[in-house]
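Presented below is the structure to which this report refers.
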Amino acid sequence: MSSSALPSEVLTELRTSAIEVLRDNDLGGATRPSPTLYPHQWLWDSCFIAIGLRHIDPERASREILSLLHGQWPNGMIPHVIFSGSGSYHAGPDRWRSDLVDGGPEHVQTTGVTQPPMIAEAVVRVGEVFDPARRREFYRAIYPGLLRYHCWLYRERDPDDTGLVTLVHSWESGMDNTPAWMELTRRAAPIPLKLIRRLNGDGALDALRRDNKEVPSDQRLSATDLFTLYHLVGELRDARYDFSRIRASRVPLVQDVAFNAILARANDHLRDIAADIGEQLPNQLLRSARRTRAALPTLFADGMYWSRDARSGRLISRPTVAGFLALYAGVVPPDSVEDLVSRMTARRFWPAHGIASTPTDDPDFQPRCYWQGPVWVNMNWLLADGLDRAGRGDLAERLRAGTISMIAGSEGLYEYYSPFDGTGVGSNHFSWTAALLLDLLDGRKAAHHLPSARTGADDGEHLTRRGG
Ligand code: 2M8
């Protein structure tokens with residue numbers, strides 16, 4: 001059923017529950033992703049949340065984004081979690097000890113890694129609903145911190161000027177246990193964890209984890225994967241989150257395709273933001289941004305975009321939703337768009353309810369397990385945007401409408417959904433599902449929210465400003 005076929009009372013009810021979720025998860029100036037599993041502030045969650053909040057409270061939406069700067073490290077990094085809530089989290093401040101790191105933030109505890117750089121997108125989306133004077137005021141407030149963040153990404157994570165920034169933990173990708181990331185992560189597991197995995201002993205370890213109190217273990221990543229991620233946090237902490245030391249360790253390093261695609265788009269937005277307030281991006285950043293656009297096509301092989309193992313230089317050819325974000329970046333050459341789109345719309349990736357995080361024929365596919373198969377509302381949202389940019393507004397609309405009816409089919413607003421039957425799984429009362437649902441319901445009313453359908457490769461001149 002398409003969303004337009006849903007009765008208007010259902011759409012009104014959906015909107016009301018989305019607003020309720022965002023209110024319930026409001027921590028003051030920031031929003032937690034969900035009430036118990038994720039009680040603090042996450043970087044990319046807050047960006048999606050702001051994109052929804054702009055429809056009900058633009059000022060609150062701008063504060064959601066600005067609050068990310070409270071956790072910014074003096075070197076410019078914006079961390080993936082700011083521990084600003086009061087609940088207990090399974091990978092909380094004691095695992096990271098940002099307070100013990102020289103150069104950690106002064107007034108708040110955070111993690112020591114980052115997350116996909118969605119901030120510039122969220123800034124522009126919120127800017128669209130302000131009048132020009134208020135928009136520029138907001139842009140001026142966020143710009144210095146945002147600029148320092150983009151500069152940090154390149155300075156710290158791309159010291160060799162490849163154009164692609166390197167991630168040091170799967171939590172930075174936001175897609176924690178996709179097969180592509182787990183392939184490398186499992187290789188770096190301590191020997192006891194490797195043995196437990198080989199002996200199918202994950203079930204025994206489940207008793208020791210805390211993240212499965214709200215969500216059953218079989219909807220989360222496996223225990224050995226989770227404990228390997230904790231182990232890698234320890235290695236990062238020992239390296240004081242410093243990339244040159246991390247490089248010298250055995251931590252897996254990945255040029256993540258989705259992260260770099262989001263960065264390519266974010267650089268365009270940042271340039272637009274700067275232009276709007278009469279600022280000029282530093283030449284070095286402009287050069288890096290051009291390099292990113294030029295480097296993304298090097299991740300293309302056999303009809304797909306892949307992440308690269310930054311240590312071996314090898315492409316990690318495990319298909320996941322991440323590769324399709326090349327459409328969102330607008331780097332797919334016009335004559336390759338249809339082929340990539342047909343791969344994405346094939347049943348293995350789009351069986352019924354939007355794009356599966358891992359295709360249904362992958363050996364690791366599990367329809368209800370986290371990033372190993374379920375459909376995520378943020379991915380559908382980004383890919384619908386990418387389809388618009390690629391000139392496939394028809395499919396974008398189908399994806400958006402299908403997302404709304406998928407959400408409507410479950411009681412509650414879930415973290416992820418089975419790609420086969422749309423059953424809601426993971427955490428309930430999930431903020432970015434609520435926020436992006438609001439955007440899907442309200443966003444299309446304003447035509448100027450739709451991005452231009454320009455596509456095409458690496459000229460670095462994509463116009464991303466809409467309206468205003
Ligand atoms: C999930 O990741 C966190 C670690 O960051 C976790 O499992 O504890 C991911 O889905 C991530 O993308 C998301 O930002 C976070 C909070 O919603 O949860």
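The values are calculated or read from the model by the stated rules, or taken from the named source; none is laboratory data. The shown structure was predicted, so the numbers you read here are calculated from the model rather than taken from an experiment. Neighbour counts run over all protein chains shown; Cβ positions are idealised from the backbone, glycine included. What goes into the accessible areas is simple: the full protein's heavy atoms, side chains included, and nothing from ligands, DNA or RNA. Shrake-Rupley method; radii C 1.70, N 1.55, O 1.52, S 1.80 Å.
Key figures
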| read-out | value |
| --- | --- |
| Residues satisfying the stated conditions in segment 80-109, i.e. over 23 Å from the mean Cα position of the chain (by Cα) and closer than 15 Å to residue 236 by Cα | 94, 97, 99, 100, 101, 102, 103, 104 |
| Filter result for residue 207 (touching a Lys or Arg at 6+ places or on another chain (Cβ under 6 Å), assigned to a helix (DSSP H, G or I) and farther than 19 Å from residue 177 by Cβ) | no |
| Matching residues in segment 414-428 - criterion: being assigned to a loop (DSSP other than H, G, I, E, B), in contact with a Ser or Thr (Cβ under 9 Å, 6 or more places away or on another chain), open to solvent by 10 Å² or more (accessible area, probe 1.4 Å) and not aromatic (Phe, Trp, Tyr) | 423, 426, 428 |
| Single unsatisfied condition, residue 9 versus (1) assigned to a loop (DSSP other than H, G, I, E, B); (2) farther than 27 Å from residue 135 by Cα | (1) |
| Unique match (being more than 26 Å from residue 273 (Cα to Cα), in a loop (DSSP other than H, G, I, E, B) and open to solvent by 10 Å² or more (accessible area, probe 1.4 Å)) among 336, 342, 312 | 312 |
| Members of segment 80-136 that are under 27 Å from residue 382 (Cβ atoms), of a type in the set (Gly, Ala, Ser) and within 16 Å of the ligand (Cβ to nearest atom) | 84, 85, 91, 112, 122 |
| Residues (open to solvent by 40 Å² or more (accessible area, probe 1.4 Å) and assigned to a loop (DSSP other than H, G, I, E, B)) located in segment 429-447 | 429, 444, 445 |
| Residues (part of a loop (DSSP other than H, G, I, E, B), under 27 Å from residue 231 (Cβ atoms) and among the polar types (S, T, N, Q)) located in segment 73-120 | 75, 84, 88, 109, 111, 114, 115 |
| Test: residue in segment 145-164 that is among the β-branched types (Val, Ile, Thr), open to solvent by 10 Å² or more (accessible area, probe 1.4 Å) and either under 19 Å from residue 69 (Cα atoms) or in a loop (DSSP other than H, G, I, E, B) (or both) | yes |
| Unmet requirement for residue 173, which otherwise passes all of (1) open to solvent by 20 Å² or more (accessible area, probe 1.4 Å); (2) closer than 30 Å to residue 367 by Cα; (3) polar (S, T, N, Q) | (1) |
| Filter result for the condition that a residue is open to solvent by 10 Å² or more (accessible area, probe 1.4 Å) and not small (Gly, Ala, Ser), over 256, 242, 268, 225 | 242 |
| Leading residue by the ranking (nearest to residue 345 (Cα to Cα)) among those in segment 298-309 that are of a type outside the set (A, V, I, L, M, F, W, C) and open to solvent by 50 Å² or more (accessible area, probe 1.4 Å) | 302 |
| Test: residue in segment 400-409 that is open to solvent by 10 Å² or more (accessible area, probe 1.4 Å), within 22 Å of residue 118 (Cα to Cα) and either more than 16 Å from the ligand (Cβ to nearest atom) or part of a loop (DSSP other than H, G, I, E, B) (or both) | yes |
| Candidate set: segment 22-52, residues that are away from the ligand (no atom under 13 Å from the Cβ) and over 18 Å from the mean Cα position of the chain (by Cα); chosen: the one least open to solvent (accessible area, probe 1.4 Å) | 22 |
| Unmet criterion (only one of (1) in contact with a strand residue (DSSP E or B) (Cβ under 7 Å, 6 or more places away or on another chain); (2) more than 30 Å from residue 365 (Cα to Cα)) for residue 166 | (2) |
| When residues of segment 194-226 are limited to those that are within 25 Å of residue 256 (Cα to Cα) and more than 22 Å from the chain's Cα centre (by Cα), the one nearest to the ligand (Cβ to nearest atom) | 223 |
| Scope segment 53-72; condition part of a helix (DSSP H, G or I) and open to solvent by 20 Å² or more (accessible area, probe 1.4 Å); matching residues | 58, 59, 63, 66, 69, 70 |
